[in-house]
Every structure is written in structure tokens, then in C-alpha cells.
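No lab work stands behind these numbers, since they all come straight from the coordinates. Keep in mind that what you see is a predicted model, and the values were worked out from it rather than measured. Cβ sites come from the backbone with ideal geometry, for glycine too, and all protein chains shown count toward neighbours.
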Amino acid sequence: MKDLVRDSVVGQAINALSGGRLLSYEDQRPDFQIPSRYLHSPPLSQVSTIVCAEEKKSTSFSSRPTSIPQDAYTPGSGTDVETLTDMVVDQTEKGGDGYLVDWDGPDDQDNPRNWSTVKKGFVSFSISLLTFSVYIGSAIFTSSFPGLMSSFGVSQTKAALGLTLYVLAYGIGPMFLTPLQELPSLGRNPVYVTGLALFVLFNVPIVKAQNLGTVLVFRFLTGFVGSPALATGGASMADMFDGPKLPYMMGIWCLGAVGGPVLGPVIGGFAAQAKDWRWPIYELMWISAFALVFLSFLLPETLEANILLKRARRLRKLTGNPHLRSRSEIEQAAMSKREIAYESLVRPFLLAKEPAVLFLNLYIGLVYSVFYLWFEAFPIAFNEIYHMNLGVGSLPFTAFIVSGSLAYIAYCLYLRYHFQPRSDRNPDLVVEARLEFGLMASIFIPVSLLVFGWTARESVHWIVPVIAAALYLPGIFLTFQSVLVYLSVTYSKHTGSILASNDLFRSSMASVFPLFGVTFFRNLGLGPGSSLLAGISLLLMVIYYILIRYGHVLRARSRYAN
């Protein structure tokens, strides 16, 4: 527990303000034995190979490692930076001069991948809570539609703009905020916690709003500042887990993401019915404020580069050896400020153009668009056809929790008893095999749509369309899970950026569909409208199969894939 508090945002502040006397690290304690390798002073020829940001503000080519051939690096090219860093680090390790600060052996407990199972489980729960507290902000707002329409005299389409702008914002936000979380000097937690604090703050003008314009502006802002949790949560999981364990934990994170939109209408529906349209927003503030306090004190940093950079700073102060550097500091010393900004801000957009990534992003975007459009059929089915009130009419959404939990169990069993043994037997198994279960599960989507659309009528008991609706979640959850794991494994060096680009596509595409969803189903009817969406879903399955079949060709053209 002490380590959790120490490594949290609040704990880091306490440690810094107390000069390391409170919530101290092992290397800040009086009895710490300094490893001899950190006491060595590198010879002058080696000192010149490391550029200290504090000592040298210029990062011109003349300050590049002098022992590396000048033609090994081309400024502004955006290439070979990692190769150059590897050369410097290899030279450092072979020379034995001791200025590379790394993990203290394979069992170093500061390494997130060496944390205990209990600690990893707690941190995974915390990240899922963070994701849930932001994701619920989309669907919980739908309960406010009737009140907004009545209070401000607007149409449902205008009221739905509050949902559209929120979803759009949490798609755009990660493209700018997630790169900050991959900076070693910053890490993941400050962006998480600062964004969540602003999220709570920006909801205050919404509940005090006297016009729709104020609501819409701050709905966009709340979606934007809360967005890193929706993209980088998966990257935080990848910081702790790798190999066979990663898909299991990504599944837990995805359940937290799915739980938000599913439970949003349930939580908000009864409040809006009993009070007014502002109360679902109050509930959103309570949930996110609790998450803010909880995470500020108990969510440790998981980014390896940030943890090692802080260790290097502490050791420089302790030993007086100014040449101690973490790998990330060596890498950034080999780059100009312009190149650092380029790598941080431009790379997510470059990754989005990767053939395999673009293909999957468009696919998931279309799947989510169908999902958001179909959501608009629920009020028509349960409030109008079955005459349920606002609160009770949202309870069918809880069926998704049941089917989602069963889908996760099925996924775990598939990994444990089929995929992992298959992978062990065939070490050269292509990564596209990870998409196969998503393809099999996606058949649930058209089946769910068809049964729901044609059974939602007064002559059929309401439990039938509820069960039909529940069948949708295994399809979208397992497809989404397969795609995220595939992207995380294929582009493991850039997980945060790759998931941010996926979030941009699916959120941007899906955000516009609630604006015409009600009109779509009223003009076509629930049966024909659902049949059309089912046909689109079947077509998407064909496209998905093509990627599985030819994904290796697309990856071969990539400069970022493993």
C-alpha cells in the first residue's frame, strides 16, 4: 500500500516537497548501498557522448555522440533515432562505465512488469474505474434529452448534440494529450489526474447552464480533457503485462469501457425522471470526483521510461555523478527539440496512416457507428411500444452487463484452451490469428439486430427484444478486444499512440449517428431499419476476413510494426 501511495501523483508531490524524507524510495534512505557501477566516473571520451539537457541547451549535430559515425544520423529525417540510441546504449554497456541507469536485475520491484499479482490487479481495477468514470459521461447524458428539450425549447436533434460533441471530443483529445503521456519527463499519471480534475470542474457550468449553448460548449470540453483514459488505458495495461497475459487484462479494461455507456442510461434515467435533466450530470460529477480522489492517492505510475528517469535524477543527486542517465534521456539527447515534438505530436497521425491500422480503424469506426445508431432504437422500443417510463425503460441496458461478462469468460477460455496451446505449438503463428475469435463472435451482431428489430412489438413479450439486444454485446466486445490486442501486439513500441488513433476514428465516425438515429428508425421502422444495419454488419464481416487473410501483406509495408 505504501508503494501505491508513494508512486501516485499526491505521493510524488509529498516526496518532492519533503526532499525524499517522506514516502521515500530505497535510494533515498540513509542505509542505501550505492551500486559501485554508479560511482564510476566515465572517461572524458565517454563523457562527450552524452548530452545533458541541464548542461547543454543546444542539441546540434556537433553534440551528437562523437563515437557514432556522423552518417548514422540525419537531422530532421525522423528515422534511425532508435538505432542511434541503441548504439549509444550498447557502447555504454560494453564499456562498463556505469552511466546507464536501468532496472536492478530482472526482478526489480520498481518495474511494473515485476509487481505482485495483487498490485497489478489493483492497478488494473483503478485504470478500469478511470475509464468507466469518463465513458459513462456519454450515455448518461441521453437521460437529459427530454428535460433539455422542455427547458430550452429545442428539438431532440439539438439536444443530442451534447452527446455528439462529447463523443467527438474524446476521439480528438487523445491525438494531442496521449503523446504527452509518452514523454518520459511527464508520464501517464499527471495527464490522467489533471484531465480528470478538469473533467469534474467543467461539469459545473453544465449543471448551472441557462442556455443550450453553454451545455454544448462544456460537453465538448469535458469529453476532450477526459479523453486520455479512453485511449491510454490499454497502454497502461501493456506497461504491466506482456505476452500471453496482455489479452486477459485488456479484456478487463474493455469491460470497464463497455460498462460506462451501458450503465449510463440506467443510472441517469431514474434521476432525470425524479428530478430534472441536471441530475444525471450531478451523478456524473459524483462518480468522477470519487475516481479523482481515489486515483490521486492510489494510482502508481506505470510508464517504464518515466520511472527510470526519476531514478536517474535521484541517483545523480545522491552520487554527485552528473553523467548518470536513463535510456530515455540518452534518446532525447540524440534528438533536437523539433524532433522530440515531431515524434510526440505527429507520430499518432502517421501511425493512423499505416495500412493495417487505417483498415482496422475504419472497420471499428463503422462497427461503433452501427452500435450508436442502434442505441436510438431503445427508447422507441421500450418507452413507446412497451410503455415503460424513462427509468424502467433504461433497465434493458443491464442485459449487456450479463452478456458482456459471459463473453469475457468465453474469451478467457478460448485463450487458455485453444489460442495459447496453438501458439505454443506454432511459434511462427501470424499475429492476424488474434483476430479470428473476433470474426467468429461478430456473427452475434446481425443476429441480435434482426431478432430485436422484428420482435420489438406489443404482441411479443418485452423479454424477447431484451435477450436479443444482449446478444449484440459479445459481438462488439470480442471484435473490439481482438482488434485492440492485435494493434497493441503489432505496434508494441507505440501502444499509446496507436490506441489514440483508433479512438479518434471510432469516436469521430460514431459521434454523428445519434443525430439522425430516431429519424432513421421512425422513417424505416424498427424491423427494416435493424435489417439494414444487419446487412451492413454482414458486409463488415467480409471486410474483417480480408484483413485476417492479407494483414501480413499490409504489415510488411509498415515502418512501425514489430
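Observations on the structure shown:
- Cross-link check: pairs Lys120/Lys310; Lys245/Lys337; Lys2/Lys493 evaluated at a Cα-Cα cut-off of 32 Å; pairs beyond the cut-off: Lys245/Lys337.
- Counting neighbouring beta carbons within 10 Å and listing from fewest to most, the residues Arg313, Arg278 come out as Arg313, Arg278.
- Furthest towards positive pole of dipole, Thr319, Leu308, Leu351, structure part region 288-354, Cβ charges: Thr319
- Value at 222 nm in deg cm²/dmol, rounded to 500, when DSSP H runs of n ≥ 4 in the chain each add -39,500 (n - 2.57): -21000 deg cm²/dmol
- Based on C-alpha pairs under 8 angstrom that are at least 6 apart in sequence, region 197-326 has a relative contact order of 23 percent.
- Note on Ala433/Trp286: beta-carbon distance plugged into 1/(1 + (r/R0)^6) with R0 of 25 Å gives a FRET efficiency of 0.05.
- The alpha carbon centroids of region 147-217 and region 297-376 are separated by 23 Å.
- Dividing the alpha-carbon radius of gyration of the chain by the rule-of-thumb value 2.2 N^0.38 Å gives 1.04.
- Distant alpha-carbon pairs in region 189-292 (separation over 23 angstrom), percent: 35 percent
- Ranked Thr479, Thr194, criterion: other C-beta atoms within 10 Å, fewest first: Thr194, Thr479
- For region 484-557, convex hull volume per residue from C-alpha positions, Å³: 107 Å³
- Remark: the Ala16-Val402 segment gains 134.4 nm on full extension, using 0.36 nm per residue and subtracting the alpha carbon distance.
- Figure legend: label point modelled 7 angstrom from the Cα of Val207 along Cα→Cβ; residues of region 261-291 with amide N under 17 Å from it are 267-291.
- About the Cα centre, charge dipole magnitude for the chain (Lys/Arg +1, Asp/Glu -1 at Cβ), debye: 680 debye
- Inter-label distance, nm, simple model (7 Å from Cα along the C-beta direction), Ser155/Arg559: 4.7 nm
- Full-stretch length increase - Leu395, Asp108 - with 0.36 nm per residue and alpha-carbon distance subtracted: 98.6 nm
- Here is the P(r) of region 116-245: all C-alpha pair distances, binned every 5 Å from 0, give 2, 11, 19, 20, 16, 12, 9, 6, 4, 2, 0, 0 in whole percents.
- Treating r as the C-beta distance of His387 and Val447 and R0 as 30 Å, the FRET efficiency rounds to 0.65.
- Ordering of 423-435, 315-327, 458-470 by burial proxy (mean other Cβ atoms within 10 Å per residue, highest first): 315-327, 458-470, 423-435
- Taking other C-beta atoms within 10 Å as the exposure proxy, Ser236, Ser394 rank Ser394, Ser236 from fewest upward.
- The Cα atoms of region 322-466 cover 76, 42, 32 Å along the three principal axes, with the biggest extent listed first.
- Note on region 180-328: with charges restricted to the Cβ of Lys and Arg (+1) and Asp and Glu (-1), its dipole about the Cα centre is near 660 debye.
- Region 404-509: Rg to Rh, with Rh as the Kirkwood radius over Cα pairs: 1.08
- Calculated FRET efficiency for the pair Phe125/Leu198, C-beta based, R₀ 35 Å, to 0.05: 0.90
- Estimated inter-spin distance, Thr117 and Arg37, nm [label 7 Å along Cα→Cβ]: 3.1 nm
- Dipole of the chain, positive end: most advanced residue of Leu292, Thr164, Tyr342 [Cβ charges, Cα centre]: Thr164
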